[in-house]
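So the structure is just underneath, and the comments pick up after that.
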Amino acid sequence: MSGNRNKQSYEDVLKNIERKRINRENEELNIGWYCWLLSEYPALIIFLCVCLSSTLLVVTLVYGELPDFSDPAKGFEVRGTELSDRLVTWENMMNQTGYNSTLSNYPYVYLKRKALMGKVGPCLAPFCGHAIYLKQNIVNMKLSTIKKEITIYAGEPIVKLGYSRWIYEATDGVTLWSLQSLLQMCKTAHQILDHQEYPEVCLRKTLSSCCPTISLANHVAYISGVKSCFNLTQDDVLKAEQVLMLCAPYYCSGDLQLGCNSSDLNTLNRYMSGSRCGNVPGVCTDAVYNIFHYLIQGSLCTNHSMRFNFTLSSVFLPAYTGKGMLDLYYDKFHNQPQQNSIRVSSIDFGVDGLVFEDLLLADSIYPGVAMLLLLVIVWIYTSSLFITTMHLVATTAAMVTSYFIYQFIFDVTFFPFLNLTSTLVMLGLSTDHILVLYSTWKRCCSEDKVYERVTTKHPVGRRIGVVAKSTMRHVGWSLFVTSFTTSSAFFSNAWSSVSAIKCFGIYTGLAVLCNLIFALTWLPASIIFHHKYLQFTCNTKSVFCCIIRLFTRIRNQASEVSRVFFHQIQVLLVVRFRILWVTFFTLLAITSMYIVVFNPGFQLPRSASYLQFFEQKHLFEQYPLQQRYFDFDKDYKGFLSVRFIFGIEPIDDGNPRNPDDKGNIHFTRFNVSDPQSQRWLLNFCTILRSHKFYREPENSQFSSMCFIETLKKWIESRPCKTGAPCCKMTKFPYKPNVFELCLKEAISRLNVVPQLQLFPSSPGPRFDSKDSIRSVIIEFPTNQKTSSTQSEIAEFVKEIEETLQVHVDSAPRTLAGGWFVSSLNLYALQTSLYTGTLTSVGISLLVAQIVILITSRNLVVSIFVNLSIGGVIFVTVATLALAGWELNVLESVTVSISVGLSVDFTAHYAIAYLLAPEKSDRQRRVEHALARIGSAIATAAFTTFLAGLGMLPASVLAYKRFGIFLMVIMTSSWVYSNYFFLGLLSLLGPQGNCGSL
């Protein structure tokens, strides 16, 4: 009996071995062509990938355009909306209005004909270097780039053409109105401007000296009769203070204006504009006005104390902003500590873009450091320098390939600096791929070694093919889900109305897909190549072998610690406290939702500087914040003006992916000379004046919002003896030929005073090169403040649409197609960012739900995945909102892509849970998921967190904030995927075929 039992047992063992042999042979025969190719010819796949990426790189370098970051703000504007079409059309009109342009304010053909007939003075604006004909006196004033108007310290009038400037700030309770402070400011300015390059860029008083700075110290010296600010005494300061105290009430009342008590051009301007300068004392000169209006912060009139106790003072340099000031900035301000109680706190040299471009290059060291940290961790994890190198090369190749497709196939030539942040995304994503792939490969190899004693007639490569098939079975779908959902999150930004965000979404989405292709080809081929040809044992006693053995011992100990943690401790934490985790993270998500939506909420941008290049404390970023404290800043801000435009279609037919392509101007069938058009325009102007938003413009004697009213009054005031047919006997509406003749004659007479010079933004008619009237602009000054909130501006726009646009739509056929525009760029951006972000998040969530549902084919798991993603998004956005972030361009991008970056870890766990062998025990399935890829996911999260941490020292704010975003989302994603998602699965996860589709 015992012998029979032994014989039977022996036969069972043989049958079992034979069955396993047959199973292994079947596995080896059914590995599929791709896994066979991977296992037999990994070098061939690596070679083909290298050849492809190298070819694309050469083609891109030879025939493509390299990125240009000299203008970092380019592309951060709204395109493709109804409002943006109007803004772009208005910008085209501004850029194409002038002499020899598509449009012009003046009938140049008519003016030239009059000049040849000798009926006008010797000078016309387009024919004599932009000089101004002023009652037979020609006063030279360059009008090409006028922005604002100030006067220089010596009292001589000068037109300010974009001067460089800075602002002094007193600290430690010091006031700038003291002898010590004035001397310190004088000394500081001298030290700063004692630069070898400054004489090359300054405006010169003489051939050997620059004009003096327009500063408080120089003006006080001028008022006191002192030759230089270095010679100021306490008596001089007291004398100047007495003068300022005398003149302050006149400035606050508006009587003291630029040009009072002067005998120059400004005197005539003052006379023509109806100024009240007659009451102002003679000592209140332009120098006094400059101090109040330009050089000290505007608290003098608001506190009603008439005491000079201020901490900010501006300085204007007689040097234009731009590249010429770059060396001065670097040598005198960049990284130069200021120890005095009076310091330069902000700068506007017009070199923001140039400095930013330099910083992009300088800060590239931080992504380099982050990349190095990631590579070291990958090397430690894989114990292979070859695999680590292939990982880096494959990631680089993915970005090169995506750039080729981006530029040559998608035909996008604009590459915003925002695209550089995709480097961090690719580093984190590709590291996640290689770690999960290698971890799964090693585990499959370990499981396959159970049967390593069973031999087959097939070569060893077939066994590697079986392991490769098992690896791709576990990892392939997981990599596809994470990459496809991440790329969809990026591609969803292609629907954004902001050009830079659109281009960022296209490029980064392509990079993620290219990285997926290489992760399924290049990386597994590299792992198999290393497994077949680069495995070796170091048995000698050399130093190198000792180091290798020590490194291997340390790594094995770390692996054992990792195994214990993820196989035992982590499983215990997740399963034992699953109710606690699910409850806690559900409450955290609800709290975060309240923070994001209600209090404090993720605020829309409140400043026109919606793209911040540098940190808030940077000298460049501080200038617009401090300039608002000066009165001259209020000259150019305050209230919105609405312009109604007829004769031009609001069409943006340019390329929305190219900010340099704004399209062309498109004219409508338009005839303002028609009597019916004249009557309608005159009535429309009356309607505008009665509107609740209407604001009476200042200097209304010379400001005309409605040209037809001015024309009618001008004709009615002219005697027919000398002015026929443009005279009071001609009845309104005028015949078309009379209307056009009188309009041209009236505009030609506007050319006689500087106060009435027409600019591209001026209301009135627009002529083409043949003097035909192609468009008219009616300006509507409103009482709506430019500083209003987004909701207030939205209500304002809605009111204009519902009241005034209705009248415009009822215009006669000869004026059909009118539309309005205003300074609504910030409002357009706010609206676009808000709607675009919601759209992108919605699309990303929908795609993630569909992809996970298709790949998992389990409704319950896909619902749990989306709950986890939602929790990650709300916690991430709430953290950023509490940190004071606004929904600017970069923040909008981070929120939009948060779906893609938050799905990775959860999707890996979901696929691993569904592939677990124990289908009927949810807790064993959770244990299987944690044991298989838990350590790889933790390492991937840690490496991406380190990549973000490495960006914190960067000077470029985009790098720094994107680094913070990566740190926050990696932390919340790992925590939610491990404790919330796996906790849900261990508590309510599907068992068997429950929830399967």
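Sub-6 Å Cβ pairs linking a first residue in region 716-729 that is open to solvent by 90 Å² or more (accessible area, probe 1.4 Å) to a second residue that is not aliphatic (A, V, I, L, M), at least 6 apart or interchain, are 728/716; 729/720, ordered by first then second residue. Across region 581-594, not a single residue is classified as modelled with pLDDT under 90 and either out of contact with any Leu (no Cβ under 7 Å at 6 or more places or on another chain) or of a type in the set (A, V, I, L, M) (or both). No other residue among 290, 303, 261, 266 is modelled with pLDDT under 75, outside any strand (DSSP E or B) and open to solvent by less than 30 Å² (accessible area, probe 1.4 Å) apart from 266. Can residue 485 be described as buried (at least 23 other Cβ atoms within 10 Å of the Cβ) and within 16 Å of the chain's Cα centre (by Cα)? Criteria not met by residue 485. For region 89-109, the set of residues classified as of a type in the set (Ser, Thr, Tyr), open to solvent by less than 30 Å² (accessible area, probe 1.4 Å), out of contact with any Phe, Trp or Tyr (no Cβ under 6 Å at 6 or more places or on another chain) and over 18 Å from residue 819 (Cβ atoms) consists of 106 only. Going residue by residue through region 783-790, is there one that turns out to be at pLDDT 80 or above and of a type in the set (Ser, Thr, Tyr)? Scanning region 783-790 turns up no residue that is at pLDDT 80 or above and of a type in the set (Ser, Thr, Tyr). All of 797, 806, 821, 841 fail the test of being of a type in the set (Val, Ile, Thr) and closer than 30 Å to residue 744 by Cβ, apart from 821.
Residue-wise test of (1) touching a Gly at 6+ places or on another chain (Cβ under 6 Å); (2) of a type in the set (Phe, Trp, Tyr); (3) assigned by the TED database to the domain that holds residue 874.
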position	(1), (2), (3)
954	no, no, yes
961	no, no, yes
967	yes, no, yes
974	no, yes, yes
987	no, no, yes
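Any residue in region 653-677 that's within 23 Å of residue 767 (Cα to Cα) and open to solvent by less than 30 Å² (accessible area, probe 1.4 Å): show its pairings with residues that are in a loop (DSSP other than H, G, I, E, B) and hydroxyl-bearing (Ser, Thr, Tyr) at Cβ separation under 9 Å, as long as the two are six or more apart or on different chains. As it stands, the answer is 665/102; 673/734, since those pairs meet every condition given. Taking the criterion of being closer than 18 Å to residue 868 by Cβ and surrounded by fewer than 21 Cβ atoms within 10 Å (Cβ to Cβ), the only residue of region 917-944 that qualifies is 938. So which residues in region 367-395 are among the polar types (S, T, N, Q) and out of contact with any Ser or Thr (no Cβ under 8 Å at 6 or more places or on another chain)? Hits for region 367-395 are 384, 389.
Looking across region 473-482 at every residue that is open to solvent by less than 10 Å² (accessible area, probe 1.4 Å) and within 33 Å of the chain's Cα centre (by Cα), the one that is nearest to residue 523 (Cα to Cα) is identified as 479. Of everything listed in (1) closer than 27 Å to residue 747 by Cβ; (2) open to solvent by 20 Å² or more (accessible area, probe 1.4 Å), the single unmet condition for residue 67 is (1). Here residue 525 does not qualify as outside the structural domain of residue 463 (by the TED database), modelled with pLDDT of 90 or more and within 41 Å of the chain's Cα centre (by Cα).
Just one of (1) buried (at least 16 other Cβ atoms within 10 Å of the Cβ); (2) under 13 Å from residue 83 (Cβ atoms) fails for residue 794. It is (1). Is there a residue in region 698-705 that is out of contact with any helix residue (DSSP H, G or I) (no Cβ under 7 Å at 6 or more places or on another chain), open to solvent by less than 70 Å² (accessible area, probe 1.4 Å), within 18 Å of residue 763 (Cα to Cα) and at pLDDT 85 or above? Scanning region 698-705 turns up no residue that is out of contact with any helix residue (DSSP H, G or I) (no Cβ under 7 Å at 6 or more places or on another chain), open to solvent by less than 70 Å² (accessible area, probe 1.4 Å), within 18 Å of residue 763 (Cα to Cα) and at pLDDT 85 or above.
Elements of the type strands (runs of 3 or more DSSP E) sitting completely within region 760-853 and holding at least 1 residues that are assigned by the TED database to the domain that holds residue 679, in contact with a helix residue (DSSP H, G or I) (Cβ under 7 Å, 6 or more places away or on another chain) and more than 30 Å from residue 736 (Cβ to Cβ): these cover 773-785.
Here residue 794 passes the criteria (1) at pLDDT 90 or above; (2) under 30 Å from residue 894 (Cα atoms) except the one numbered (1).
Among helices (runs of 4 or more DSSP H) entirely within region 645-730, having at least 2 residues that are farther than 27 Å from residue 801 by Cβ singles out 707-716, 720-723.
Listed here are the residues, each with its yes/no results for (1) among the aromatic types (Phe, Trp, Tyr); (2) over 27 Å from the mean Cα position of the chain (by Cα); (3) assigned to a loop (DSSP other than H, G, I, E, B).
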| position | (1), (2), (3) |
| --- | --- |
| 51 | no, yes, no |
| 55 | no, yes, no |
| 59 | no, yes, no |
| 62 | no, yes, no |
| 68 | no, no, yes |
| 73 | no, no, yes |
| 76 | yes, no, yes |
| 88 | no, no, no |
| 93 | no, no, no |
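Here the condition is being in a helix (DSSP H, G or I), modelled with pLDDT of 90 or more and in the same structural domain as residue 912 (by the TED database); of 872, 860, it holds for 872 alone. Taken residue by residue, region 801-822 has at least one member that is in contact with a His (Cβ under 7 Å, 6 or more places away or on another chain) and either surrounded by 19 or more Cβ atoms within 10 Å (Cβ to Cβ) or closer than 26 Å to residue 501 by Cα (or both).
The values are calculated or read from the model by the stated rules, or taken from the named source; none is laboratory data. Being a predicted model, the structure only gives us computed values, none of them experimental. Virtual Cβ from ideal backbone geometry, glycine too; neighbours counted across all protein chains shown. For the accessible areas, the whole protein counts, side chains as well, though only heavy atoms, and no ligand, DNA or RNA atoms are used. Shrake-Rupley method; radii C 1.70, N 1.55, O 1.52, S 1.80 Å.
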